[in-house]
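This report concerns only the one structure given below.
The values are calculated or read from the model by the stated rules, or taken from the named source; none is laboratory data. Computed from a prediction, not measured in an experiment: that's the story for all the values here. Note that we place each Cβ from the backbone using ideal geometry, even for glycine, and neighbour counts take in every protein chain shown. Side chains included, ligands, DNA and RNA excluded: accessible areas come from the protein's heavy atoms. Shrake-Rupley method; radii C 1.70, N 1.55, O 1.52, S 1.80 Å.
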Amino acid sequence: MRLKYPHIAIGALASSAPILQFEDIVPSTIFYDLVSDDFRRESLSCFLTIKDSWKELDDQANEQDGLLKLSKTFHLCQTLKTSGDLSDWLSSAYSYLAMVDYPLPSEFLMPLPANPIKEVCRNIDSQPKGTGTLERIYAGVNVYYNYTGTVDCFDLNDDPHGMGGWDWQACTEMVMPMSYSEQRSMYPPYKFDYASYAEDCIKSYGVRPRPKWITTEFGGHNITKVLENFGSNIIFFNGLLDPWSGGGVLKNISESVVAIVAPLGAHHIDLRPATPDDPDWLVALRESELEIISGWLWDYYGAGGALFQPVAVKGSSSY
């Protein structure tokens, strides 16, 4: 928006924006490596339980009545048709948990406690001795899908986040290669296969992806040189707990194209509603963004056209 319409957009705050997550600009494994790092950071045993669970899930699915047993273990509303459906459901939960690993309770995706990955790992690790791996996994993922305790059974066909729209985007313009690494990841190894990906998109939507459209239309390659020469008044914010940060801009590019990085931040935490319980680092981060934006407005409009009035941010006098 800022690059293409500078007469409309004085500046831009790109919060948790993975603008480099296309083609081969960043490793295709980076997203799920960062998800895995978040779980390992909380508990190595939790990380290893999840890592071991995929094979156990497939092994049980191949047993007689295995899919029925899995459906009962995970309290599903319908009997599974394939183990892949369950794997996808679990994988989605881990990814979303990494995105919303906020230090405060939130309801952005689901009603969740503060530090939800810590809570998931506590549930996985604290089960009685002798509890099976898959039972531990259920206890953990229940934090994400049923923290309120009001869900009787889980419908894997439900789309609580409206992801159908995203799937359409991913099959047309937003083609982000995603793979699982062997060592760093808690997922079984997988290498992105564009041919298979395109086939699924054609089957689902009748469209063929355009993997180079984003970089052709907006850029991405040689981002430092491009933005240094042609960009201005852009803030890139990334929280390093957010797996999307792997496709983000993490270093300053010029005096006015700057990166703000929060080691303990998650997905666009800077734009979450402020609360009296916000940690000091988050308050300071928002103050920094407001100060930069105020500078843009001052430079553009001058003193006579100030658009912001002073606002109090937890005792601060920042604009």
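Conditions tested, residue by residue: (1) assigned to a helix (DSSP H, G or I); (2) over 30 Å from Lys212 (Cα atoms); (3) not assigned by the TED database to the domain that holds Lys81.
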site: Gly140; (1), (2), (3): yes, yes, no
site: Asp167; (1), (2), (3): yes, no, no
site: Met174; (1), (2), (3): no, no, no
site: Glu182; (1), (2), (3): no, no, no
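Please determine whether any residue of segment 278-294 is part of a loop (DSSP other than H, G, I, E, B), open to solvent by 60 Å² or more (accessible area, probe 1.4 Å) and of a type outside the set (Val, Ile, Thr). No: zero hits. Only one entry in Leu76, Leu97, Leu80 is within 24 Å of Asp38 (Cβ to Cβ) and of a type in the set (A, V, I, L, M), namely Leu97.
Can you name every residue in segment 22-52 that is open to solvent by 20 Å² or more (accessible area, probe 1.4 Å), β-branched (Val, Ile, Thr), closer than 20 Å to Asp88 by Cβ and more than 16 Å from the chain's Cα centre (by Cα)? The answer is Thr49, and nothing else. Where helices (runs of 4 or more DSSP H) fall wholly inside segment 193-268, the ranges with 2 or more residues that are within 16 Å of Leu20 (Cβ to Cβ) are 213-218, 223-230. Of all residues in segment 126-134, none satisfies being assigned to a helix (DSSP H, G or I) and either under 23 Å from Phe31 (Cα atoms) or of a type in the set (Lys, Arg) (or both).
Just one of the numbered conditions (1) open to solvent by 10 Å² or more (accessible area, probe 1.4 Å); (2) farther than 18 Å from Leu34 by Cα; (3) in contact with a helix residue (DSSP H, G or I) (Cβ under 6 Å, 6 or more places away or on another chain); (4) not acidic (Asp, Glu) is not true of His267: (2). Candidates are the residues of segment 120-155 that are closer than 22 Å to His267 by Cβ and touching a strand residue (DSSP E or B) at 6+ places or on another chain (Cβ under 8 Å); the one that is surrounded by the fewest Cβ atoms within 10 Å (Cβ to Cβ) is Asn146.
Taking the conditions (1) closer than 26 Å to Ile10 by Cα; (2) over 14 Å from the mean Cα position of the chain (by Cα) in turn, Trp281 satisfies each one other than (1). Count, please, the residues in segment 53-98 that happen to be within 23 Å of the chain's Cα centre (by Cα) and open to solvent by 70 Å² or more (accessible area, probe 1.4 Å). Residues flagged as within 23 Å of the chain's Cα centre (by Cα) and open to solvent by 70 Å² or more (accessible area, probe 1.4 Å) within segment 53-98 amount to 2.
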